[in-house]
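Here the structure is laid out as structure tokens; the discussion comes afterwards.
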Amino acid sequence: MKKYQLGEFEEIVMLTIAILYKEAYGVAIKNEIESRLKRNVSMGAMHTALVRLEDKGYIRSHDGEPTEERMGRPKKYFQVTALGKRAMEYSRETRNALWGAIPDVSPNVKFS
Amino acid sequence: MSPPQLPLRFFRWFCHPKLRDSIEGDLMELYKERLIKNGKLKADAHFIKDVLLLFRPGIIRPTEGYQNLNSYGMYKNYFITAWRNVIRKKSSAAINVFGLTLGISCALIIFALVNYHLSFDNFHTDADRIYRFVTEEHRDEVEYDASVPPPFGKFFREDYTFSDQVARLYTGDNELITIERIGEKNKFNETIAFAEPDFFKIFNFPLSTGNPETILVEPNTAIITKKMAAKYFGDESAIGKVIRLNSKIDFTVSGVLQDLPVNSDIQTEIYFSYSTMKQYNEWAASDDAWGGITSSIKTYTKLKPGVNPTDVEQAVDEYVKRFRPKSKNVHHYKLQPLNDVHFNARYEGVMSKTTIWILSLVGVLLVLTASLNFINLTTAQAINRSKEVGVRKSLGGARGQLFWQFTIETGLVVLVATVLALAFSYAILPQLNSFLNTNISINLFTDTRLLLFVLALIVVVTGLSGAYPGIVLSGFKPVLALKGKLSGKQTGSFNIRRALIVTQFSISQILLLGLIVMFFQMRYFSKTDMGFDTDAIIMMPVGSNDEKLKTVKSQLLQVPGVENVSLCFGAPASDNHWTTSIKFDDRAETEPFSISHKGADEDYLSTFSLEIIAGRNLTPSDTVREFLVNENLLSQLNLASPEEILGKNITVNGSWKGPVVGVVKDFHEQSFHADIKPVFLTTSGNTYNSIAVKINMRNANETLTSIEKVWSGMYPDLIYKYDFLDDQIASFYQTEQQMVSIVYIFASIALIIGALGLYGLVSFMAVQKTKEIGIRKVLGGDVVQILWIFGKEFTALVVVAFLIAAPVGWLVMTEWLSNYAFKVDISLWMFALELFIIALVVLVTVGYRSLKAVVANPVESLRSE
């Protein structure tokens, strides 16, 4: 049984939220992912991921102040919860474990 | 600059309201960025693309509206709160459930009973076209007979074309059936019938084996039910076997019927071919027997579709002119619809529609009292929920929501009560059935009507009991409720509660009054002198025209312990009547009243201790030579003194003629339902049907054994059977006995529920008056004075309820007593007794709780303010 459910894109979104720390809201997360990973992120994909992560309890949100450039709409800030942090650590550990299990005799394994 | 409106509006429409603001903010921010960087065209295009990509599950709002997302949690909370309340107030919850269970159980049982009776004989095909021929006999008064003269059915079938089928059915009780099996003779006492073949075309009693076209056509054939077949022949096939009736007529079984449904008035399990009737009862089988009617023969018909029964009735009037032109007893033949047969008491119906309505009404009343009770208790506890209501309202609970919350809570209690009631009814059903002689079943899963009834009952009871408390509770003002400053006014008016209690107590008092009157009427039956001796007399049925009777009598007289033996048609009072008409002296006309004929030998008077007031007893004889008459005949004949009749001749039905030799003091010839009618006694030896034996009860068992020895010596083929006369007479009132027991149960239940309601009210009062009592005590009021605060309240309630119940009860019971020719008077002391019982119940219920309130230390009640 899977202990924590975390998709690849969801993991990226969570990591980005963690990086942005107090400044993690919609546009900022999108820009951060796009600049760091050099890939396009659609609003739809990102917001769906955010909704799902919040449902799972990995992140929580709170509304910020409405600003003028957003035509009076509040920013919604996201934050990783303790559960979310455990999920991220679990995901990292499994990967590390898998990395560690690759035997030395095959150093030339190619990943393509 | 703003983004294109259409996609924006689309976005706003589809987006989940919770996400809308923040995502829209993001879209705006991005749009502005792009507008500066790439220009309006590209920014617009990006915007549209973003909106379209956002149109996906997770972002789109749920169709049912997002408010509902929360409701399940709310419902869960309702259940939790309801459960906590039950746990916290165990006793009042138990009282509530108990009261409702009682009420609902009664409703269920009454429903099953009513349903059972209404279902009688409703399963026949074209039941609306099936009728029974009945007779109105017009003399001085009209009498009703559920039969017609024996040949009627045959003539009607041949003379008219109104019907598809006509069938006669002769039913006889206590007939001797002999089965010879493997050289062994088995004797049975059974109810048998002679049926014409059409009988099974009119009624839907299907055959299990045999040819429906030929059964009962041949003489000396029989069909029996599966049950009987198993009883007589075990596993062997019954077809072709021989059944012997009364040791003389043999029948061959030609068919086996499916077992009869329980909801039919026709419960005979052995049918013989009608064409064999001649060998059994020549008179009943003859085509000329228009002179009399025997209740044994019933005539049924299935009319053709569209035939009007009134036309048939008019047509058959012709028979009266043809066959009974001179009779003073003018017959009117009528058609009684099949669905009336079970209910019309005039024509031997067993369950009158009135009784059914009264029962249903009692059921409704009991459910009503149970609901009122619930309302009372719940509103009395309302103050305990005030904080909860306050909190819910402050947090935005709407009145409607609170109302439904409390209604659902009530619904849960009702549901639990219903389940308990079902279990309870199921458990007591066997006793009820054996007691009422019924075959009621309660099966929720196969009986859709019952299922619907139960569901409807749950809804109605929830509505009745839940609505008012719901309105009261949900109407609390949150501020007052949270401060704990609710007064009586907000927790439901005290007057409404009074009205509820008065209603409840009126209902219980009416039932109780009914019970008291019924009880004393029953006591009257058993205590009042019938006019003859009923103790220590056994009655033994014998076949008529029995030459051995005299020998049996002399042998019985030699048995030690036997005091007197009489050969007779029947006991002075019995279910068996033989009525006829007489001519008196030399009057030309037949007298216009009917008279009861009792065949009796010279020992009849001494056996039953009947009293002669003038003249002498009959002299021994085997044929009719002289008559004894009762006092009542004198007044019917307008004679002033017994001397005027002594020595005068009377002629019975044109055949028997003889002088009246004595006058007997009036005795009750029937049950107390009927008036005393004219009677004559005579030594008509061929009518003797019974042996009456007066025995000494001191060695009753030995005597009875010796009598049995005499019996089996004389009648080796017959089954020894006897009844005590007083048991027979008690069985006249079996229906009343059942009625009394039922009313007794219902009155007790109504009283219990009423007492529960009263307890609710007194608890409420005690809580309300805590401070008042405290202050009164501090200021020196003594316990008795303060108790009277409670006392006067409840005295007033009981008195008001009594003022309502007394006239209603009086009306109902006067109506009931009018069924009896001999009855008790409803007197003041019955009302007094009723009031006394109610007062006692109130005292016990109220006394403890109010005393507890009054003796409480005032410090406790006044300390916190």
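What follows draws every value from the coordinates through simple rules; no lab data is involved. Computed from a prediction, not measured in an experiment: that's the story for all the values here. Methodologically, a virtual Cβ is constructed for each residue, glycine included, from the backbone with ideal geometry; neighbour enumeration extends over all protein chains shown.
What to note about this one:
- Convex hull projection area averaged over all views, region B:1-55, Cα basis, nm²: 3.3 nm²
- log10 of Debye I(q)/I(0), alpha-carbon scatterers only, for region B:18-128 at 0.19 Å⁻¹: -1.04
- Volume of the convex hull of the protein assembly as shown (Cα atoms only), normalised per residue: 339 Å³.
- Cβ-based net charge around B:A43, under 10 Å, with every Lys or Arg adding one and every Asp or Glu removing one: +3
- Reduced Cα scattering model of region B:268-420, Debye log10 I(q)/I(0), q = 0.16, 0.17, 0.20 Å⁻¹: -1.12, -1.20, -1.38
- Value of Rg/Rh across region B:232-281 [Cα atoms, Kirkwood radius]: 0.99
- Counting Cβ atoms of other protein chains within 10 Å of each Cβ in B:53-62 and taking the mean gives 4.
- Cross-link partners of B:K328 among aspartates and glutamates (Cα-Cα below 15 Å; sequence separation of 8 or more within a chain): B:E136, B:E137, B:D140, B:E141, B:E143, B:E589, B:E591
- Near-label residues of region B:83-115 by backbone N, under 18 Å of a point 7 Å along Cα→Cβ of B:N439: B:112-115
- Once the Kirkwood radius over Cα pairs is known for region A:8-96, the Stokes-Einstein relation at 37 °C and 0.692 mPa s delivers a diffusion coefficient of 244 µm²/s.
- Spin-label model, A:R86/A:K38: points 7 Å from Cα along the beta carbon direction are separated by 3.8 nm.
- Length gained when the stretch B:N384-B:R698 is fully extended (0.36 nm per residue, less Cα-Cα span): 106.1 nm
- Cα-based Rg of chain B normalised by 2.2 N^0.38 Å, two decimals: 1.36
- Long-range lysine pairs (8 or more apart or interchain), region B:5-61, Cα under 21 Å: 5
- Within region B:600-654: Cβ-based charge dipole about Cα centre, in debye rounded to nearest 20 (Lys, Arg +1; Asp, Glu -1): 180 debye
- Comparing region B:364-507 with the 2.2 N^0.38 Å rule of thumb, its C-alpha radius of gyration ratio is 1.29 (two decimals).
- For region B:588-730, average projected area of the Cα convex hull in nm²: 10.6 nm²
- Note: relative contact order over chain A, using C-alpha pairs below 8 Å and six or more positions apart, is 27 percent.
- Separation in nanometres of the label points that stand 7 Å from Cα toward Cβ, at B:N204 and B:T191: 2.2 nm
- Modelled this way, with points 7 Å down the Cα-to-C-beta line, the labels at B:V262 and B:A456 are 2.3 nm from one another.
- Semi-axis lengths, largest first, of the ellipsoid equivalent to region B:128-341 are 33, 19, 14 Å, with √(5λ) applied to each eigenvalue of the Cα gyration tensor.
- Straight-line cross-link partners of B:K648 among the lysines, defined as a Cα under 21 Å from its Cα and at least 8 positions apart when in the same chain: B:K583, B:K598, B:K657, B:K665, B:K677.
- Excluding same-chain neighbours fewer than eight residues apart, the lysines reachable from A:K3 by a Cα-Cα span under 20 Å are A:K56, A:K85.
- q = 0.28 Å⁻¹, region B:433-487: log10 I(q)/I(0) [Debye, one scatterer per Cα]: -1.00
- Per residue of peptide A:47-59, the mean number of Cβ atoms on other chains within 10 Å of the residue Cβ is 3.
- For B:Q336, nonlocal amide neighbours, meaning residues 5 or more places apart or on other chains whose placed amide H falls under 5 Å from its own, are B:R132, B:F133, B:V134.
- Look at B:S690, B:S2 and count the other Cβ atoms within 10 Å of each Cβ; fewest to most, that gives B:S2, B:S690.
- Region B:120-200: mean projected area of Cα convex hull, nm²: 9.0 nm²
- Sparsely packed GluC sites (Glu not before Pro) within region B:594-665, loop by DSSP, other Cβ within 10 Å at most 16: B:E602, B:E611
- Relative contact order [Cα under 8 Å, 6+ residues apart], chain B, whole percent: 13 percent
- Which of B:S92, B:S508, B:S119 has the fewest Cβ neighbours within 10 Å, and the rest in rising order: B:S119, B:S92, B:S508
- Test item: Cα-centred dipole of the protein assembly as shown, Lys/Arg +1 and Asp/Glu -1 on Cβ, debye: 7900 debye
- Counting beta carbons within 10 Å around each of B:K477, B:K777 and listing the fewest first gives the order B:K477, B:K777.
- For region B:439-463, the residues whose amide N sits under 18 Å from a probe point set 7 Å from the Cα of B:Y75 along the beta carbon direction are B:459.
- Other protein chain C-beta atoms within 10 Å of residue C-beta, averaged over A:67-74: 6.
- Largest-first principal axis extents of the Cα set of region B:42-194 (Å): 108, 58, 54
- Helical content of the protein assembly as shown, expressed as a calculated mean residue ellipticity at 222 nm, amounts to -16500 deg cm²/dmol (DSSP H runs of 4 or more residues, -39,500 (n - 2.57) each, divided by residue number, nearest 500).
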